[in-house]
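Have a look at the structure below, then the notes.
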Amino acid sequence: MRSLRCVLMTMLLALCSLVATPALADSLDGSSRHLSMRLVAESDHPKAGAPLTIAIATTPDADWHGYWANPGDAGFPATFDWTLPHGATAGQPEWPVPTTLLIAGLMNYVYEAPYAPLVTIQVPAGLAAGAKLPIRLKTSYLVCSATICVPEEQALSLDLTIGDGAPSQASAFADWRRAIPKPLDAGATYAVDQGVLRVAVPFPAGARAQDAYFFPLTTGVIDNGARQTVTRSGDTLTIATRLAANGKANAPIEGVLRIGDAQGLAVSAAPGVVAAGPSDDAGGLWATALAAFAGAVLGGLILNIMPCVFPILSLKALSLARGGASEGEARHEALAYTAGVVLVCLGLGAAILALRAGGSAVGWAFQLQHPAAIIVLLLLSTAIAFNLAGLFEVPTPRFAGESGASGAFATGALAAFIATPCTGPFMGAALGAALVLPWPAAMAVFAGLGLGLSLPFLAIGFVPAWRRWLPKPGAWMETFRHVLSVPMFLTAIALAWVLGRQTGVDSLTLALVAVLAIGAVLWIGGTRQRKGKAFGAATLAALAVVFVGSAVVIARAPPAAAKMAVAGDEAFSEAKLAALRADKRGVFVYFTADWCLTCKVNEKAAIETATVRDAFAKNKVAVLIGDWTDGDPVMGRFIEAHNRAGVPLYLYYAPGAAEPTVLPQVLTPALLAGLGV
């Protein structure tokens, strides 16, 4: 799928280039081009017979970007056509270290800030002092924003005079050369095993490597959008990533290894032996998988106390007491409930792994990044709440009150689906580990989450003493059922709030109209039931129309503007984070989403408290907020790089520290107030 998208995107861009009319090209004057370019010579008076470095100083417009020598999954590189005096020659451009940009699942290697490729011109010998040296360049390139790409051309000129070769732009060229990758003194090696490419780069153990990333100059070898894992062992830095589909690695691989902000090494890796790193051995893999499985089980167990799951679990447990099930029947229901929970968790896990394999940066509860899924959950929660409140009695939404294996299975599936907005303690690290494990181990972790969620009912079904502790059946159970409608209504309110935050007040109003319609349809069905009639096919059809119609309408709604939780906080971006760290500031970064209950509790109970904010101000700790409500793919890649499958994620960058401290998923004011001390 990724390869097909790359081909289609490149064909589209090439077509745009072919159909660009001369009139369009002529209209691209200095005010309409999106890349501002000029030629700058290191010396205004180059020496005859000596090399001269020319910089193509380039500045992209805001929100536009130019491309590296290897553009990545889409686009095409710039071309340079030099016109030089007789005897002068131009070398290949030296490109500065690029940055990554993920758009629609396609990885691009780009420049979003000013940059300058450097080209060495060999000045002819024998030219007299004072002779003119005209330099002309015609360049064609692609420049893009997040939504549109434009092929452009420019004709650049520079007129120099032969002289003593004294530098005239020393400071500027020092900065530009700093961004050019330095040649690696020693040879690198690579090896391929089961579709994973591992490149071992000699790198001193004491040297600092910040945000290490390998940019391939050799195309068609690595999957550009795949996650890269960087490990260090002694004087070797190893980058592991996925081999490209149909990729063959039997020749040297050229590329650039980023080792810091705009700093890199030019790498040429030959086939060879790559020693296993600390985390590559089978024992370490099994230990990681077992730890992730245990964390998922514990995290799933905690989900049972969430307001959307607890009513369903309670009614299902009490149904055993009311029905007087035998030992065998109780066990069958417990196993069926567990099967429903685990299968839904496995299904969600498989969807996440499949989407990530296709290049999408999704994580747990990824469906809540789409308004259509939220409205379906909102209407489903409302229907369950009305059922618990006694408005209607139909078997389908009232799984929890029905006995038998089929009812138990459906109850488990419903409980797992309703629980997806929640991420509790232990879950984040466990699901994050699942994304870097081989897929069988990853699926085992998702199964562990389902097992943890189903453990209470499983215990009730298999331990008779637990069932004897349940209250005796009676009229009170109907009242208790009505009481349990309250947390379900609260769940519906929370989902409506999330929808409003994502899409604005207009879509929220439409959602409330849909809730009213659902209530009216269910009231009509309940009225028919109280008269001894069936719920009615027409009533069920009306329910389906409201569910599907509202999802389609709200899915088309534009997103609402993001809001900062506290005045003075700033939206997260990797560029802003790098700037704050360069200023030697302590930085607290937290990634949140409107649909994340744990996130909101931490924000109100710890992050936004006066004690913490006063401590941040005193210790000069900057705060960046990563709002992942809409599933921003670039932010998703950053979260994934810190071994998390979703939010919450809390990071603290101490001044001058090479790596951040990953804070617990449950925060306290005392913990945060101590940052930066």
Next item on the list: State whether one or more residues within the range 164-176 are open to solvent by 20 Å² or more (accessible area, probe 1.4 Å), closer than 23 Å to D261 by Cα and in a strand (DSSP E or B).
Entry: no
Next item on the list: Run S145 past the list (1) over 30 Å from G656 (Cα atoms); (2) surrounded by fewer than 18 Cβ atoms within 10 Å (Cβ to Cβ); (3) over 26 Å from the mean Cα position of the chain (by Cα) and report the number of the one that doesn't hold.
Entry: (3)
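Quick one: which of T59, T53, T83 is farther than 30 Å from A244 by Cβ, in contact with a Pro (Cβ under 6 Å, 6 or more places away or on another chain), touching a residue at least 40 places away in the same chain (Cβ under 8 Å) and not aromatic (F, W, Y)? Quick ask: steps written out before the conclusion?
Working: T53 fails: in contact with a Pro (Cβ under 6 Å, 6 or more places away or on another chain); T83 fails: in contact with a Pro (Cβ under 6 Å, 6 or more places away or on another chain).
Exactly one residue qualifies, and that residue is T59.
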Checklist line | Checklist (1) in contact (Cβ under 8 Å) with a residue 60 or more places away in the chain; (2) assigned to a strand (DSSP E or B) applied to T219, failing item | finding: (2)
Next item on the list: Return yes or no: is L237 surrounded by 20 or more Cβ atoms within 10 Å (Cβ to Cβ) and either aromatic (F, W, Y) or over 23 Å from the mean Cα position of the chain (by Cα) (or both)?
Entry: yes
Check: Looking at (1) modelled with pLDDT of 75 or more; (2) of a type in the set (G, A, S); (3) over 28 Å from A514 (Cβ atoms); (4) within 25 Å of the chain's Cα centre (by Cα), which is the one condition that is false for A372?
Finding: (3)
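Quick one: how many residues across the range 604-642 are among the charged types (D, E, K, R), within 13 Å of F591 (Cα to Cα) and at pLDDT 85 or above? Please lay out each step first, then the result.
So the first thing to find is which residues in the range 604-642 are among the charged types (D, E, K, R), and the list is 604, 608, 613-614, 618, 620, 627, 630, 632, 637, 640.
Filter again for within 13 Å of F591 (Cα to Cα), leaving 627, 630, 632, 637, 640.
Remaining after also requiring at pLDDT 85 or above: 627.
Within the range 604-642, residues that are among the charged types (D, E, K, R), within 13 Å of F591 (Cα to Cα) and at pLDDT 85 or above number 1.
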Check: So V589 clears everything in (1) at pLDDT below 90; (2) closer than 30 Å to A419 by Cβ except one condition, right? Which one?
Finding: (1)
Item checked: Restricting the range 543-561 to residues that are within 30 Å of F591 (Cα to Cα) and surrounded by fewer than 14 Cβ atoms within 10 Å (Cβ to Cβ), the residue that is modelled with the lowest pLDDT -> A561
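Out of T411, T420, T396, which single residue is open to solvent by 20 Å² or more (accessible area, probe 1.4 Å), at pLDDT below 80 and hydroxyl-bearing (S, T, Y)?
Numbers: T411 fails: open to solvent by 20 Å² or more (accessible area, probe 1.4 Å); T420 fails: open to solvent by 20 Å² or more (accessible area, probe 1.4 Å).
Every option except T396 fails the conditions.
Counting just the residues of the range 606-653 that are of a type in the set (D, E) and in a loop (DSSP other than H, G, I, E, B), which one comes out farthest from the chain's Cα centre (by Cα)?
Once the filter is applied, the top-ranked residue is E608.
Right, K584: touching a Pro at 6+ places or on another chain (Cβ under 6 Å) and at positive phi or not?
yes
Going by the conditions given, is E152 buried (at least 20 other Cβ atoms within 10 Å of the Cβ) and among the acidic types (D, E)? Spell out how you get there, then give the answer.
On the way: buried (at least 20 other Cβ atoms within 10 Å of the Cβ): yes; among the acidic types (D, E): yes.
So E152 passes the test.
Name the single residue, out of those in the range 222-234 being assigned to a strand (DSSP E or B) and within 17 Å of V267 (Cβ to Cβ), that is least open to solvent (accessible area, probe 1.4 Å). Reasoning before the result, please.
Pass one, the range 222-234, residues assigned to a strand (DSSP E or B): 222, 229-233.
Add one more test, that the residue is within 17 Å of V267 (Cβ to Cβ), and what stays is 222, 229-232.
Numbers: I222: 9, T229: 55, V230: 57, T231: 30, R232: 92 Å².
Once the filter is applied, the top-ranked residue is I222.
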Check: Within the group L508, L540, L512, L522, which residue is farther than 14 Å from F386 by Cβ and surrounded by 18 or more Cβ atoms within 10 Å (Cβ to Cβ)?
Finding: L508
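Within the range 375-393, how many residues turn out to be open to solvent by 20 Å² or more (accessible area, probe 1.4 Å) and either at pLDDT below 65 or within 29 Å of P633 (Cα to Cα) (or both)?
First pass over the range 375-393, keeping only residues open to solvent by 20 Å² or more (accessible area, probe 1.4 Å): 376, 380, 386, 389-391, 393.
Then drop every residue that is not either at pLDDT below 65 or within 29 Å of P633 (Cα to Cα) (or both), which leaves 376, 380.
Counting residues in the range 375-393 that are open to solvent by 20 Å² or more (accessible area, probe 1.4 Å) and either at pLDDT below 65 or within 29 Å of P633 (Cα to Cα) (or both) gives 2.
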Next item on the list: Would you point out the residue of the range 55-89, among those that are among the small types (G, A, S) and open to solvent by 40 Å² or more (accessible area, probe 1.4 Å), that is farthest from L142 (Cα to Cα)?
Entry: G87
Check: Does any residue of the range 226-247 turn out to be out of contact with any strand residue (DSSP E or B) (no Cβ under 8 Å at 6 or more places or on another chain) and of a type in the set (A, V, I, L, M, F, W, C)?
Finding: yes
Next item on the list: For residues that are under 23 Å from the mean Cα position of the chain (by Cα) and of a type outside the set (A, V, I, L, M), scanning just the range 71-90, find the one that is modelled with the lowest pLDDT.
Entry: G75
Check: Does the range 201-208 contain any residue that is modelled with pLDDT of 90 or more and surrounded by 13 or more Cβ atoms within 10 Å (Cβ to Cβ)?
Finding: yes
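When residues of the range 177-200 are filtered for being open to solvent by 70 Å² or more (accessible area, probe 1.4 Å) and within 30 Å of A48 (Cα to Cα), how many remain? Full working, then the answer.
Of all residues in the range 177-200, those open to solvent by 70 Å² or more (accessible area, probe 1.4 Å) come to 177-178, 182-183, 185, 193-194.
Checking which are within 30 Å of A48 (Cα to Cα) leaves us with 177-178, 182-183.
So the count comes out to 4.
Quickly run through the range 121-142 and pick out the residues that are of a type in the set (G, A, S) and open to solvent by 60 Å² or more (accessible area, probe 1.4 Å). Before the answer, list the steps.
Restricting attention to the range 121-142, the residues satisfying the condition of being of a type in the set (G, A, S) are 125-126, 128-131, 140.
Answer for the range 121-142, where residues must be of a type in the set (G, A, S) and open to solvent by 60 Å² or more (accessible area, probe 1.4 Å): A125, G126, A128, A129.
Is it the case that V110 is outside any strand (DSSP E or B) and at pLDDT 90 or above? Outline the logic, then answer.
Details: outside any strand (DSSP E or B): no; at pLDDT 90 or above: yes.
No.
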Checklist line | Test result for D159, in contact with a Pro (Cβ under 7 Å, 6 or more places away or on another chain), open to solvent by 20 Å² or more (accessible area, probe 1.4 Å), at pLDDT 90 or above and not aliphatic (A, V, I, L, M) | finding: yes
Notebook entry, point to check: Do you know which residues across the range 33-53 are crowded, with 20+ Cβ neighbours inside 10 Å and more than 46 Å from the chain's Cα centre (by Cα)?
Noted result: P46
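The values are calculated or read from the model by the stated rules, or taken from the named source; none is laboratory data. It should be emphasised that the depicted structure is a prediction, and the values quoted were computed from it without experimental measurement. A quick note on method: Cβ atoms are made from the backbone with ideal geometry, for glycine too, and the neighbour counts reach across all protein chains shown. Heads up: the accessible areas ignore ligands, DNA and RNA and are worked out on the full protein's heavy atoms, side chains in. Shrake-Rupley method; radii C 1.70, N 1.55, O 1.52, S 1.80 Å.
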